[in-house]
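What follows is a set of notes on a single structure, which appears directly below.
The values are calculated or read from the model by the stated rules, or taken from the named source; none is laboratory data. Just so it is clear, the model here is predicted, and its values are computed rather than measured. Every residue, glycine among them, receives a Cβ derived from its backbone with ideal geometry; neighbour counts consider all protein chains shown.
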Amino acid sequence: MDGNGRWAKERGLSRSEGHRAGAEAVRRTVEACTDVGIEVLTLYAFSSENWKRPKAEVEALMRLLERFLTDKLDEICERNVRFQAIGQLDKLPKRCQEALHRAIAKTAENTGLTLVLALSYGGREEIVDATKSIVRHVAEGHLDPAMINTEVFAAHLYTRYYPDPDLLVRTSGELRLSNFLLWQVSYAEIFVTKKLWPDFGRDVLDEAIEEFSRRERRFGDVSPP
């Protein structure tokens with residue numbers, strides 16, 4: 001969800017104001033996704049590299065996350081959204097972890113859109129953690145190394161309970177993956193918009209879905225005759 005800082009700078013506002021506008025874009029996007037019947041939405045909310053940002057900005061982001069999880073929880077429940085999170089969540093402040101656990105528990109029985117927040121997340125870190133998990137299972141005698149394949153590896157990723165993404169949307173014109181779901185987006189279609197994240201809404205989502213519908217997905221095979 002790129003562009004909060006640039007959006008704020010263009011308007012002479014603080015970066016914190018940009019992040020607050022970005023949080024409102026999250027609300028709009030979740031609402032739009034539930035309306036069109038999308039089953040899983042994963043939002044890259046805070047990367048493992050974001051910890052390197054100025055301390056004041058990181059603290060403001062953590063407060064915004066906690067407030068979003070608290071203030072929007074009833075609305076999430078009303079929309080039948082199931083809330084989940086991936087990443088090295090133990091690195092988050094304790095209050096954020098508690099808010100996450102409450103949101104996950106309260107929405108566990110919901111059957112609509114699954115909303116996954118990627119927090120303190122990095123694709124390379126996820127692959128390393130999956131490798132460590134596999135090594136541990138082998139060392140404990142629970143896994144035969146000869147049985148390791150792509151399915152087994154995927155079962156040790158943070159996303160093991162979710163399908164791989166069909167569509168990856170990049171805002172603010174960025175043309176890189178930025179360490180996001182590196183394993184999972186192997187066959188995802190990529191849609192790039194120049195819109196900054198705080199300006200993202202139903203119109204851009206519809207455009208992305210329309211473009212996706214025109215793509216021919218062969219997964220390494222040839223086109224049908």
**Request:** Any residue in segment 134-160 that's without any contact (Cβ under 8 Å) to a residue 12 or more places away in the chain: show its pairings with residues that are surrounded by 12 or more Cβ atoms within 10 Å (Cβ to Cβ) and assigned to a helix (DSSP H, G or I) at Cβ separation under 6 Å, as long as the two are six or more apart or on different chains.
**Result:** L143/H137; P145/V138
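From the list L89, L119, which residue is closer than 26 Å to F153 by Cα and in contact (Cβ under 8 Å) with a residue 60 or more places away in the chain? Working first, answer last.
On the way: L89 fails: in contact (Cβ under 8 Å) with a residue 60 or more places away in the chain.
Result: L119 is the single residue among L89, L119 that is closer than 26 Å to F153 by Cα and in contact (Cβ under 8 Å) with a residue 60 or more places away in the chain.
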**Prompt:** How many residues, within segment 27-53, are β-branched (V, I, T) and assigned to a strand (DSSP E or B)?
**Reply:** 2
**Message:** Can you list residue pairs whose Cβ atoms sit under 7 Å apart, with the first residue in segment 1-17 being more than 23 Å from F180 (Cβ to Cβ) and the second being part of a helix (DSSP H, G or I) and at pLDDT 95 or above? Count only pairs 6 or more apart in sequence or on different chains.
**Reply:** S14/A8; E17/A8
**Prompt:** Which number in (1) under 18 Å from the mean Cα position of the chain (by Cα); (2) farther than 18 Å from A45 by Cα; (3) aliphatic (A, V, I, L, M) marks the one condition that L115 misses?
**Reply:** (2)
**Message:** Taking the conditions exactly as written (among the aliphatic types (A, V, I, L, M), surrounded by 14 or more Cβ atoms within 10 Å (Cβ to Cβ) and within 16 Å of the chain's Cα centre (by Cα)), does V58 satisfy them or not?
**Reply:** no
**Message:** Pairs please, first residue from segment 67-83 and at positive phi, second anywhere and crowded, with 16+ Cβ neighbours inside 10 Å, Cβ atoms under 8 Å, 6+ apart in sequence or on different chains.
**Reply:** N80/T34; N80/N110; N80/G112; N80/L113
**Item:** Selection within segment 59-83 - in contact with an Asp or Glu (Cβ under 9 Å, 6 or more places away or on another chain) and of a type in the set (V, I, T)
**Value:** V81
**Item:** Subset of segment 209-220 [closer than 10 Å to E189 by Cα, surrounded by 12 or more Cβ atoms within 10 Å (Cβ to Cβ) and of a type outside the set (K, R)]
**Value:** E211, F212
**Inter-residue pairs, beta-carbon under 7 Å, first surrounded by fewer than 21 Cβ atoms within 10 Å (Cβ to Cβ) and in segment 34-47, second among the basic types (K, R) and part of a loop (DSSP other than H, G, I, E, B), 6+ apart** = T34/R79
**Complete:** Checked H101, H137 against criteria (surrounded by fewer than 20 Cβ atoms within 10 Å (Cβ to Cβ) and either farther than 28 Å from E49 by Cα or over 19 Å from the mean Cα position of the chain (by Cα) (or both)); the one match is H137
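Looking for whichever is among the acidic types (D, E), assigned to a helix (DSSP H, G or I) and within 17 Å of K195 (Cα to Cα) here; the options are E24, E59. Which one fits?
Every option except E24 fails the conditions.
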